[in-house]
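One structure is given here, and the rest of the page talks about it.
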Amino acid sequence: MKAFLEEYGLVVVAAIIIGIFIVFASPFGESIKGYVNTTVSNFASQANSAVGGSVVTPAP
C-alpha cells in the first residue's frame, strides 16, 4: 500500500499543480499574447527597415 501511495500520490500532486498553473495562466494569457505580438511586430519592423537600408528606433 505504501508503494501505491508513493507512486499515485505523486501523480495526484502533479495533477493538482498542473491544474493550478492552468487556472493562473488563463487570466494572463491575453496580456502575454499581446506582449509577444508586440515584440514580434517590432522585430519584423526593424528587420524590414534594416533590409531596406533605414534603421528606425522602435517606440517604447
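The values are calculated or read from the model by the stated rules, or taken from the named source; none is laboratory data. Treat the numbers as computed from the prediction; the structure is a model and nothing was measured. Surface accessibility is based on the protein's heavy atoms, side chains included, excluding ligands, DNA and RNA. Shrake-Rupley method; radii C 1.70, N 1.55, O 1.52, S 1.80 Å.
Mind checking the per residue accessible area of segment 3-42 for me, 1.4 Å probe, whole number of Å²? Please list the in-between numbers first.
On the way: 3530 Å² over 40 residues.
Heavy-atom SASA per residue in segment 3-42 reads 88 Å².
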Give a residue-ordered list of calculated ³J(HN,Hα) values for segment 31-46 (Karplus: 6.51 cos²θ - 1.76 cosθ + 1.60, θ = phi - 60°; whole Hz; x for Gly, Pro). 5, 5, 4, x, 5, 5, 4, 5, 5, 5, 5, 4, 4, 5, 5, 5
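From the C-alpha gyration tensor of segment 1-48, pull out the three semi-axes of the equivalent ellipsoid (sqrt of 5λ each), sorted largest to smallest, in whole Å. If you can, show how the numbers build up before the last one.
Working: eigenvalues 352, 29, 3 Å².
Sorted largest first and rounded, they come to 42, 12, 4 Å.
Multiply the residue gap between F4 and I17 by 0.36 nm, knock off their C-alpha separation, and tell me the result in nm, one decimal place.
Length gained, F4 through I17: 2.7 nm.
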